[in-house]
1. Past the 21 Å Cα-Cα mark, which pairs from K88/K141; K46/K68; K96/K141; K96/K188; K46/K74?
2. Tell me, what does the Kirkwood hydrodynamic radius of region 10-70 come to in angstroms if you use every pair of distinct C-alpha atoms?
3. Sorted by packing (mean other beta-carbon atoms within 10 Å per residue), highest first, where do 79-92, 165-178 land?
4. In µm²/s, what is D for region 127-254 at 25 °C and 0.890 mPa s, where D = kT/(6 pi eta Rh) by Stokes-Einstein and Rh is the Kirkwood radius from Cα pairs?
5. Classify region 13-147 as rounded, prolate or oblate, taking a ≥ b ≥ c as the square roots of the eigenvalues of its Cα gyration tensor: rounded when a/c is under 1.5, otherwise prolate if a/b is larger than b/c and oblate if not.
6. On C-alpha positions alone, give me the angle between the axis of helix 153-166 and the longest principal axis of the chain, in degrees, nearest 10.
7. Which order do the peptides 52-62, 38-48, 230-240 take when ranked by the mean count of other beta-carbon atoms within 10 Å per residue, highest first?
8. I need two numbers for region 96-146: Rg to one decimal and Dmax as a whole number, Cα atoms only, in Å.
Amino acid sequence: MQNNGTILETEDLNLHYGENHALIDISIRIPRYRVTALIGPSGCGKSTLLRCFNRLNDLVKGVKIGGKILFDGKDISDPDTDVVELRKRIGMVFQKPNPFPFSIYDNVAYGLRIHGVRDRKELDRIVETSMKRAALWDEVKDRLHDPAMGLSGGQLQRLCIARTLAVEPDIVLMDEPCSALDPIATSKIEDLIDELKQNYTVIIVTHNMQQAARVSDYTGFMYLGRLIEFGETSQIFESPREELTNKYVTGRFG
């Protein structure tokens, strides 16, 4: 584990979906090797901001983006940016598990093969390491070549996390990764998130404030496309500076 400091930051980030001004003057600095949570009511821009970080919004027709997003000090909107490499270094875990219709093993090996890893011993090593980091190996090591779709929901989400980790990202983005899971599976994912920050920077969007309080080191509260407040999670939940933040985290919102 290296030193902390800022790994990702935005400067006056604005995003329009057509006429809809979805993100308004967002400036945020994401610390390295920490878990940062983005909270706020539905439609406030949390997931839109998350998708900016690895340029997934490029895939949406009619999107206009202004301002800067700096990853390790480099503007990711630069024309010279290799977007495939960017999405390797900034991986995404989605709200609903999205396994491929392959075996458990081939799901995790998929990105490695795309990036040119062909040696079977190397594939085996990385697949095992990634599954161990995703706290899945002990549950599936005897059925690696069974169809992935036979796994439970919680196992599928951890499989998708293992697939993301296999290509050695710097940052793991998680868009409400527990919303489709039961409490036991959710607890496993939360424990995993806590372990991941030893080696990765994690940014999680969650509608569950208790989850944000449990798993994150820093929290940003968003409302109507604006970042209202950002700080250490304990400060956001215990002594927020903004009255709007206070109303939201104490349940007096709306």
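1. On the way: K88/K141 25 Å; K46/K68 17 Å; K96/K141 23 Å; K96/K188 16 Å; K46/K74 23 Å.
Where the Cα-Cα span goes over 21 Å, the pairs concerned are K88/K141; K96/K141; K46/K74.
2. Details: mean 1/r = 0.0823 Å⁻¹.
Hydrodynamic radius (Kirkwood, Cα pairs) of region 10-70 is 12.2 Å.
3. Numbers: 79-92: 14.1, 165-178: 22.0.
Packing proxy ranking, top to bottom: 165-178, 79-92.
4. For the chosen part, D equals 153 µm²/s.
5. Values: a/c = 2.23, a/b = 1.94, b/c = 1.15.
Judged from the Cα gyration tensor, region 13-147 comes out prolate (a/c at least 1.5, a/b above b/c).
6. That works out to roughly 90 degrees.
7. On the way: 52-62: 15.3, 38-48: 20.0, 230-240: 17.1.
Sorting 52-62, 38-48, 230-240 by mean packing, highest first, produces 38-48, 230-240, 52-62.
8. Gyration radius and largest Cα-Cα distance of region 96-146: 10.6, 31 Å.
The values are calculated or read from the model by the stated rules, or taken from the named source; none is laboratory data. On a predicted model such as this, the values are computed, not experimentally measured, just so you know. No Cβ is skipped: glycine too gets one built from the backbone with ideal geometry, and neighbour counts run over all protein chains shown. These accessible areas exclude ligands, DNA and RNA; they are computed on the full protein's heavy atoms, side chains included. Shrake-Rupley method; radii C 1.70, N 1.55, O 1.52, S 1.80 Å.
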